[in-house]
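The next block holds one structure in the form of structure tokens; read it before the comments.
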Amino acid sequence: MKLPSHDAAAHEVPATGSHRVILPRRAPLAPLRQVGRRLLMALFVLLATVLIVWIDRSEYHDNADGTVDLLDCFYYATVTLSTTGYGDIVPYGDSARLLNILLITPLRVLFLIILVGTTLEVLTERTREQWQLKRWRNALRDHTVIVGFGTKGRSAVQTLCATGLTRDRIVVIDPLPKVVESAVAEGFAGVVGDATRSDVLVRAEIQRARQVVIATQRDDTAVLVSLTARQLNKKANIVAAVREEENAPLLRQSGADAVITSASAAGRLLGLSVHSPTAGTVMEDLIQQGSGLDLIERPVVKAEVGKSVRETDDLIVTVLRGHRLLGYDDPEASPLQITDRVITIVRAPATEEPDSAGKQPGRPAKPTLPGTGVSPMRRSGG
């Protein structure tokens with residue numbers, strides 16, 4: 001299989017936009033709106049100064065003709081607020097000097113702040129982003145890295161969130177800036193760049209990640225990403241998707257712990273749905289977390305130790321003992337041991353709409369499975 005240096009989509013990444021980390025934040029105003037707001041504020045300050053001088057114009061002296069008219073008021077306000085101060089129009093009365101101290105001087109400071117506000121905002125924003133990025137890197141541990149935010153990547157993220165993973169523990173990597181921006185808009189941190197490059201993966205702190213999901217558009221890209229990710233993190237659980245089943249062994253050799261053949265899986269589900277539409281519906285429900293029936297993996301609880309698979313309250317389909325998978329009908333699966341993990345079918349908890357205050361309404365507590373937060377499916381007559 002030919003292995004190009006990076007994904008085809010990565011060719012669209014501009015040189016200046018690669019390797020950027022984008023954290024979720026509020027959407028800023030458009031530049032024209034920001035400039036317009038500052039101009040209106042500066043104009044308001046200028047008009048307020050003109051009004052103050054015009055009201056107390058009898059306390060001002062113009063060295064040219066001795067009187068101050070409306071044009072002189074605008075002129076004085078302009079040179080005063082800009083700190084030019086030619087001195088041809090001066091306040092000589094006590095009230096005018098008091099107003100200069102109490103009102104015009106603060107307006108002058110406010111006017112200067114507005115004028116240099118753009119520069120200050122840029123410097124402040126860059127400093128804030130650097131500080132936020134540094135704090136984010138220091139706090140990021142045991143997170144999940146999603147490589148590719150297409151249809152497969154989005155579906156993987158939705159499933160992870162449905163199982164209880166918070167959005168701040170997910171980092172999305174994609175070569176297209178628009179795709180990363182859409183992920184950031186949904187509350188995820190994003191890195192723009194080619195994930196086959198180690199420096200891009202390092203920016204996502206992959207060396208401290210717990211799990212990596214590779215959902216690229218091409219199989220050769222997935223292989224390169226898996227090789228690079230495994231080199232940077234020996235302990236992470238790497239799950240990858242491939243289109244062609246013949247590339248699955250190569251992806252496992254490159255370091256992936258689990259490989260999902262998307263085309264074959266979709267084809268099997270299609271075939272099952274044709275043969276038995278109801279069974280296809282049930283299978284689709286099982287792989288869609290958070291609604292109907294869910295397929296989960298959990299540890300064995302103390303109350304289940306020593307029991308057979310059929311004696312438990314849950315619908316156990318497989319027992320994981322060490323590195324062996326034992327079916328529910330396997331004689332070796334029973335009795336259950338404390339070190340076992342079981343794959344069970346449970347009913348997803350019913351979600352209720354939040355009230356007007358944005359809080360979830362109270363509901364009676366139900367027994368949940370350890371570490372899952374979901375209610376077990378009770379056997380009839382159990």
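None of the figures in this text is laboratory data; all of them are computed from the coordinates on show. Fair warning: this is a prediction, and the values are worked out from it, not measured in the lab. Here Cβ is always computed from backbone atoms with ideal geometry, including for glycine, and neighbour counts include all displayed protein chains.
Compute the distribution of all C-alpha to C-alpha distances in the stretch 145-259, in bins of 5 Å from 0, and list the percent of pairs in each, rounded to whole numbers.
Pair shares across the bins are 2, 13, 26, 26, 20, 10, 2, 0.
May I ask for the net charge around Arg57, where only other residues with Cβ less than 9 Å from the Cβ of Arg57 are counted and Lys, Arg are +1 while Asp, Glu are -1?
Taking every other residue near Arg57 into account, the sum is -4.
Once you've got the Cα coordinates, tell me which of Lys152/Lys235; Lys152/Lys302; Lys134/Lys234 are over 30 Å apart.
Among Lys152/Lys235; Lys152/Lys302; Lys134/Lys234, the Cα-Cα distance tops 30 Å for Lys152/Lys302.
What are the radius of gyration and Dmax of the stretch 80-203, computed over its Cα atoms and given in Å?
Answer for the stretch 80-203, Rg first and Dmax second: 25.6, 76 Å.
So between Thr127 and Asp168, what do we pick up on full extension, going 0.36 nm a residue minus the alpha carbon distance?
My answer for the length gained is 12.6 nm.
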